[in-house]
Amino acid sequence: MIEIAVLGHGVVGSGVAELLLKNASGIARRAKTEINVKYILDIRDFPDCPYKDKFTKDFDVIVKDADVKVIVEVMGGVHPAYDYIMQGLRAGKSAVTSNKELVAEKGAELLKTAKENGVNFLFEASVGGGIPIIRPLHQCLAANEIDEIAGILNGTTNFILTKMIKESMPFDDALKMAQELGYAEADPTADVDGHDSCRKICILASLAFGSHVYPELVHTEGIRNITLDDVLYAGNSGCVVKLIGQAHRTGDGKIFVRVGPALVPHESQLSSVDDVFNAILVRGDSTGDVVFYGKGAGKFPTASAVVGDVIDCINARGNIDSLYWTDSGKDNVAYAKSESVVMYIRCAINRDVSAEKINDKFGGVTFLSHDGQRPGEAAFLTAKMPECEIDELAEGLSLLSKIRVLESE
Ligand code: HSE
């Protein structure tokens, strides 16, 4: 029997405990041993919980218990999660986490410490909830150079956008539903403003390109400014609006990473990914496009990824060294606005700014329309050009929206 400790008894933590009980025999067969949760760490009391005798508020009890071989961290936030995991790794215990903020901020350091101590730091659940993506990237696709990663990485915003597109539901109502369903972060601004997607694309880019990508270096936009008008113009141009995280290498060896809403053409495999579902497209130089699709948030999908990692820790012979990247400093990220894009722009039309003037200014645009189009505004697609040039050309316009169009290859 292997003893583990679970730090945090929220949505995911309780899911881990329940899943270990529900699927105990299959899990034991795959781990070749039974797994027992010896401790649950939480600052709150759970007097009615069936495993109330397992609760402790003292991490020292866990780290000093030599029987505990794996620590599962599902508390969220960087501190004290980082401090607990560091202590655990140094004490020779493997660690599993669903905490994308922690991995995106401290991944390189934690991976190095795990390696130095001959144990593992695994984080499959940190990206894509129940979708296997971390393990495929460093194992199944290991023979590839990764040319591109593009994904819908946040269930909450995809749920909100789907409700806006399909039911014309107001943003706030859709967000409330996502919170009730347990998809949203404790502070849902991390979802809505793109930070959660940013952390996830940083983890994928770090793993794919071998160098830690820090979230603060990544151009990140959320979906707060997307309106039903944008959704309708997009629909009439054969696109849906999605929040997309993207990463690839640039010609000068840097890493391009960006998060923002995008008009996704119907031909793209990402366009039909709705509700809480996530999808991650990985373009390998040998495989071509591979798409990973599934539930990107929620109690049991995320718990499934966590428990899978626990089983891997138990089965591993020492450190799994293909799961690794280095901390290469903070000058490894490319300036995102030098990339060429097609841009959707919605702006006010008035005496000074006519459709003709817009067309001339941008060297030819494609105007869009929808049935309920408001008077006094225009929406159009630019030609493909560097985003910084589009920004210069758009100076002087009363901008209502500016959304990139995702290239579908
Ligand atoms: N809040 C996240 C989401 C949870 O909506 O995708 C899973 O990381």
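The values are calculated or read from the model by the stated rules, or taken from the named source; none is laboratory data. Computed from a predicted structure; not experimentally measured. So basically every Cβ, Gly included, is an ideal-geometry build from the backbone, and we count neighbours across all protein chains shown. These accessible areas exclude ligands, DNA and RNA; they are computed on the full protein's heavy atoms, side chains included. Shrake-Rupley method; radii C 1.70, N 1.55, O 1.52, S 1.80 Å.
Annotation: of all residues in segment 67-96 being in contact (Cβ under 8 Å) with a residue 60 or more places away in the chain and over 18 Å from residue 316 (Cα atoms), the one that is nearest to the ligand (Cβ to nearest atom) is 76. For segment 52-96, a residue qualifies if it is open to solvent by 40 Å² or more (accessible area, probe 1.4 Å), over 21 Å from residue 117 (Cα atoms) and among the aliphatic types (A, V, I, L, M), and exactly one does: 75.
Could you please let me know if residue 295 is within 18 Å of residue 200 (Cβ to Cβ), surrounded by fewer than 22 Cβ atoms within 10 Å (Cβ to Cβ), basic (Lys, Arg) and in contact with a strand residue (DSSP E or B) (Cβ under 7 Å, 6 or more places away or on another chain)?
Details: within 18 Å of residue 200 (Cβ to Cβ): yes; surrounded by fewer than 22 Cβ atoms within 10 Å (Cβ to Cβ): yes; basic (Lys, Arg): yes; in contact with a strand residue (DSSP E or B) (Cβ under 7 Å, 6 or more places away or on another chain): yes.
Criteria met by residue 295.
Going by the structure shown, is residue 169 out of contact with any Cys (no Cβ under 8 Å at 6 or more places or on another chain), within 16 Å of the ligand (Cβ to nearest atom), open to solvent by 10 Å² or more (accessible area, probe 1.4 Å) and farther than 19 Å from residue 73 by Cα? Taking the combined requirement at face value, the residue does not satisfy it.
If the condition is being open to solvent by less than 10 Å² (accessible area, probe 1.4 Å) and of a type in the set (Gly, Ala, Ser), then segment 262-276 contributes only 262.
Assess whether residue 369 counts as being under 30 Å from residue 13 (Cβ atoms) and either at pLDDT 95 or above or in contact with a Gly (Cβ under 8 Å, 6 or more places away or on another chain) (or both). No, not satisfied.
Suppose the filter is closer than 19 Å to residue 105 by Cα, hydroxyl-bearing (Ser, Thr, Tyr), open to solvent by less than 50 Å² (accessible area, probe 1.4 Å) and away from the ligand (no atom under 16 Å from the Cβ); does residue 206 pass it? First the steps, then the outcome.
Numbers: closer than 19 Å to residue 105 by Cα: yes; hydroxyl-bearing (Ser, Thr, Tyr): yes; open to solvent by less than 50 Å² (accessible area, probe 1.4 Å): yes; away from the ligand (no atom under 16 Å from the Cβ): yes.
So residue 206 passes the test.
Tell me whether segment 153-163 contains one or more residues that are surrounded by fewer than 23 Cβ atoms within 10 Å (Cβ to Cβ), at negative phi, more than 10 Å from the ligand (Cβ to nearest atom) and in contact (Cβ under 8 Å) with a residue 24 or more places away in the chain. Yes.
Scanning segment 67-98 for residues that are out of contact with any strand residue (DSSP E or B) (no Cβ under 6 Å at 6 or more places or on another chain) and under 24 Å from residue 194 (Cα atoms) turns up 74, 76, 77, 78, 79, 80, 82, 98.
The single condition among (1) more than 16 Å from the ligand (Cβ to nearest atom); (2) in contact with a Phe, Trp or Tyr (Cβ under 9 Å, 6 or more places away or on another chain); (3) of a type in the set (S, T, N, Q) that residue 139 does not satisfy is (2). You will find that of 363, 372, the residue that is surrounded by fewer than 18 Cβ atoms within 10 Å (Cβ to Cβ), free of Cβ contacts under 8 Å to residues at least 40 places away in the same chain and either in contact with a Cys (Cβ under 9 Å, 6 or more places away or on another chain) or within 25 Å of residue 261 (Cα to Cα) (or both) is 363 and no other.
So which residues in segment 97-149 are polar (S, T, N, Q), more than 24 Å from residue 14 (Cα to Cα) and either open to solvent by 30 Å² or more (accessible area, probe 1.4 Å) or in contact (Cβ under 8 Å) with a residue 60 or more places away in the chain (or both), if there are any at all?
Residues satisfying the conditions are 117, 139, 144.
Which of the residues that make up segment 1-10 are aliphatic (A, V, I, L, M) and either part of a strand (DSSP E or B) or crowded, with 19+ Cβ neighbours inside 10 Å (or both)? Steps first, answer last, please.
Filtering segment 1-10 down to residues aliphatic (A, V, I, L, M) leaves 1-2, 4-7.
Result: 2, 4, 5, 6, 7.
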